[in-house]
1. Looking at the structure I just gave you, is residue 185 of a type in the set (Val, Ile, Thr), modelled with pLDDT under 95 and in the same structural domain as residue 253 (by TED's automatic domain parsing)?
2. Could you please let me know if residue 48 is surrounded by fewer than 16 Cβ atoms within 10 Å (Cβ to Cβ) and modelled with pLDDT of 95 or more?
3. Out of curiosity, is residue 101 assigned to a loop (DSSP other than H, G, I, E, B) and assigned by TED's automatic domain parsing to the domain that holds residue 359?
4. Condition (residue is crowded, with 18+ Cβ neighbours inside 10 Å, touching a residue at least 12 places away in the same chain (Cβ under 8 Å), outside the structural domain of residue 105 (by TED's automatic domain parsing) and out of contact with any strand residue (DSSP E or B) (no Cβ under 8 Å at 6 or more places or on another chain)) applied to segment 14-33: is it met by at least one residue?
5. Give the residues of segment 80-109 that are on the phi > 0 side of the Ramachandran plot and touching a Leu at 6+ places or on another chain (Cβ under 9 Å), sorted by residue number.
6. Could you tell me which residue of segment 317-360 is farthest from residue 163 (Cα to Cα), considering only residues that are of a type in the set (Ser, Thr, Tyr) and surrounded by fewer than 14 Cβ atoms within 10 Å (Cβ to Cβ)?
7. Look at residue 5 and say whether it is in contact (Cβ under 8 Å) with a residue 60 or more places away in the chain and either of a type in the set (Asp, Glu) or outside the structural domain of residue 104 (by TED's automatic domain parsing) (or both).
8. I'd like the full set of residues that are under 21 Å from residue 334 (Cβ atoms) and surrounded by fewer than 17 Cβ atoms within 10 Å (Cβ to Cβ), limited to segment 254-299.
Amino acid sequence: MYRTDKRIVITLDAGGTNLVFGAMRGCEYITTPITYPSNAHDLDLCLATIVKGFKEVIESLDEKPVAISFAFPGPADYPNGIIGGYLPNFPSFRNGVALGPYLEREFGIPVYINNDGDLFAYGEALCGALPAINKKLKASGSAKQYNNLIGYTFGTGFGVGIVVDGKLNRGDNSCVETFCLPHKTKHGIMAEEGVSVRAIKRVYRELSGDERTDLTPKDICEIADGKQSGDSEAAKKAFAEMGETAGFSMALAASLIDGIIVIGGGITAARHLMIDAILKELRGTVCTLDGTMVKCVQPEVFYLDNPEEFEKFSAGARQTIMIPGTDIQVIYDPMKRLGVVFSEIGASKAISAGAYAFALSQLDSKDVE
């Protein structure tokens, strides 16, 4: 509903190295990005840089923005705009910084800050994967529509966000997380040690014996695809292990939150090396004490980027049944199903779109009150 909105919201991609400022209207960028070093080690310099970047964006616009909204990496009291806690990329914020209130005093407009995984999911739910899937279902003649989404980001860490009935689930403590779920194959180890940039590099190094320290996941993907020299089988296994670990965590969440799964982040360029392992976990089974096999995820799981699987997903198992005691027929589709899809708009844009939509949703809810 916000894809046609004319209001402008200022956004920020806050990373430990760079701060990238922009503005959105209708879930689309309307300014050229402005980039400055984060200066994350020096609180005063970092705050001054943030103010400078926002001012430059606002001065480039032909009308006043209605809000500032952005993601910040790490733990925080997001509803109150206070950043603090364990922040490896922003050490000067660890003791607690009232960033939201500070910016509201500087600019005189509402400021909203959220976790990047949350905003990724919200952006995909309102402006990305979810409306795109529902549009394709409608065009195919299916009556099925989806309202819930679990969003995952594969990158420096393993992020997650959950949207239920169009509303972002921020939790009571702004602490909806997946990185700390258990690793499938390594007892006592967290999932992020298997789903991250460092995981791909570590597993490839362990399997191949290649001690090069400058290899990136992109390099390892190209080794797997035969585009660079190296141990192709080890590279393929590194991504397959990541897919297995991620899929195990996804199956846990999908069993509790019944909705579309969308995946984004830099490592998804290697999706072709991970998707089979992800789907295997989501389609896996567990055993009862009497030996009965039960699906880990009760709905059928379809990979929606595959046209043949999308067709089956759309068709379902529709049939007609009679209303008892009458000759009236009704349509019945007994197939429970969910879909897995990779982000088309990309994690960065999805996060900004989520920030945009979140700000407007908060403003609109205040108007209703």
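The values are calculated or read from the model by the stated rules, or taken from the named source; none is laboratory data. Values in this document were obtained by computation on a predicted structure and should not be read as measured data. Here the Cβ is made from the backbone with ideal geometry for all residues, glycine too, and neighbour counts use every protein chain on show.
1. yes
2. Yes, satisfied.
3. Answer is no for this residue.
4. The answer is no; no qualifying residue exists.
5. Within segment 80-109, just 81 meets the criteria.
6. 326
7. Yes; evaluated as a whole, the condition is true for this residue.
8. Selection gives 255, 258, 283, 285, 292, 293, 294, 295, 298, 299.
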